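Supplied in structure tokens, the structure appears directly below.
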Amino acid sequence: MDLKQSVVLFPTVGMGHLIPMVELAKLFDAHGFSVTVVVVDPPFDTSSSIDPFLPRVSAANPSILFHRLPKIPSSKDTTFYHFDTLRMASAMLLDFLKASERTLNVRALVLDMFCMAGLDVADELGVPSYFFFPSGAITLAAFLSLPALQSELEEGSFRDLGDGAKVRLPGLPPVSVSDLPDDIPDRDDTNRELMSHLERLWRADGYIVNSFEWLEKRAVRALADGGSCVPGPRNPPVYCIGPLNANAREGASQGVWWWWREARVSRVAGCSAREERGVPVLWQHRPALSGAAQGDRHRAGAERAKVPLGCAQPGQ
């Protein structure tokens, strides 16, 4: 019996990450894919968060499978407990997916923005991996570019530039060193651990972002410009699918899906699922636009947005 093509979503610890991932799961489900959300059971009390949330959202979305991993033991290193938790959870994720090979035809693994350890799971299974950024294109552009920018300082740190110095991140206005997140300015153990994880973002086959081009035009263009954010010849595609909202399951029109490839940005609306050359894709027709709207939306017509779910090179 042929199994339905499955997308596996792997959110990180915290309701602020789980809820957006569930909304993304609803979109995949609405477009005909089998969806499994694998939930990390963190090493702290979840009686007022995950425990009541999962039964409620599962009952409201019976076609989406929610699998809760075994409880993660507490990490001895409180500084990096989050990454340690996800490393242990990723090993459990791999065990679960290998044990489910007869019931799940996994075609893609969608990882939370902090689940870098999940890349090894995708490699082991031979499926493409995508990072989901619920916080928008600016965050993605910053995360992708920070390791390379810091490496340009050789052994120095952003702090060495002076608190009033400006850091130029692709797609963002200049940012003062004093306004950078706490773990960025000083090149200490926490910073080095964070940067090593951010570098792993470059390995993904693509990025899914809860945003749209009109809202973050500058960041979207920087992400589309090969080499601006990801060093080297690779420029994984970015799929802007926002804005997600709590009513996404009511219809495809509730989510606006965007896609660009080869430095072109296209706005699309309306969506369906199909298979091309044996590779399942999500795609949408964009209705023709007229007047001034045409110039703002980068070409009217029947261009399609594609999110490949079963090949190493998206769109190939």
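Bear in mind that the values in this text are calculations on the coordinates, not laboratory data. Just so it is clear, the model here is predicted, and its values are computed rather than measured. Here Cβ is always computed from backbone atoms with ideal geometry, including for glycine, and neighbour counts include all displayed protein chains.
For a footprinting-style exposure proxy, rank PHE10, PHE133, PHE53 by other Cβ within 10 Å, fewest first.
Least to most surrounded, the residues fall as PHE53, PHE133, PHE10.
Taking loop as defined by DSSP and a crowding limit of 13 other beta carbons within 10 Å, which trypsin sites (Lys or Arg not before Pro) in segment 44-150 fit? Let's see the in-between values first.
Working: sites: ARG56, ARG68, LYS71, LYS76, ARG87, LYS98, ARG102, ARG107; in loops: LYS76, ARG102.
Qualifying residues, ordered by number: LYS76, ARG102.
Ok, one more. May I ask you to derive the FRET efficiency for ALA91 and SER157 from their Cβ-Cβ distance with R0 = 35 Å, giving the value to the nearest 0.05? Present the calculation step by step, with values, prior to reporting the outcome.
On the way: r = 33 Å, r/R0 = 0.94.
Once the sixth-power term is evaluated, E becomes 0.60.
Still on this model: Taking segment 116-178, which trypsin sites (Lys or Arg not before Pro) meet the DSSP loop condition and have no more than 14 other C-beta atoms within 10 Å?
Details: sites: ARG159, LYS166, ARG168; in loops: ARG168.
Those that pass, being in a loop and sparsely packed, are ARG168.
Separate question: Could you tell me the distance between the Cα centroids of segment 137-211 and segment 43-119, to the nearest Å?
The distance from the Cα centre of segment 137-211 to that of segment 43-119 comes to 27 Å.
Mind checking the alpha-carbon convex hull of segment 1-134 and giving the volume per residue in Å³?
Values: hull volume 14.1 nm³, N = 134.
Once divided by residue count, the hull of segment 1-134 is 105 Å³.
Just in segment 122-164: which GluC sites (Glu not before Pro) are loop by DSSP and have at most 13 other Cβ atoms within 10 Å? Walk me through the numbers before you get to the answer.
On the way: sites: GLU124, GLU152, GLU154, GLU155; in loops: GLU152, GLU154, GLU155.
Of the GluC sites (Glu not before Pro), the ones in loops of segment 122-164 whose Cβ has at most 13 other Cβ atoms within 10 Å are GLU152, GLU154, GLU155.
Calculate the all-directions average of the projected area of segment 2-49's alpha-carbon convex hull, and give it in nm².
Values: hull surface 15.6 nm².
Mean projected area of the Cα convex hull: 3.9 nm².
About the Cα centre of segment 88-242, how large is the charge dipole given +1 on each Lys and Arg Cβ and -1 on each Asp and Glu Cβ? Please answer in debye to the nearest 20.
Charge dipole, segment 88-242, about its Cα centre: 700 debye, nearest 20.
May I pose another question? Give the order of LEU93, LEU27 when sorted by the count of other beta carbons within 10 angstrom, beginning with the fewest. Mind showing how you got there, number by number?
Working: LEU93 25, LEU27 21.
With the sparsest Cβ surroundings first, the list reads LEU27, LEU93.
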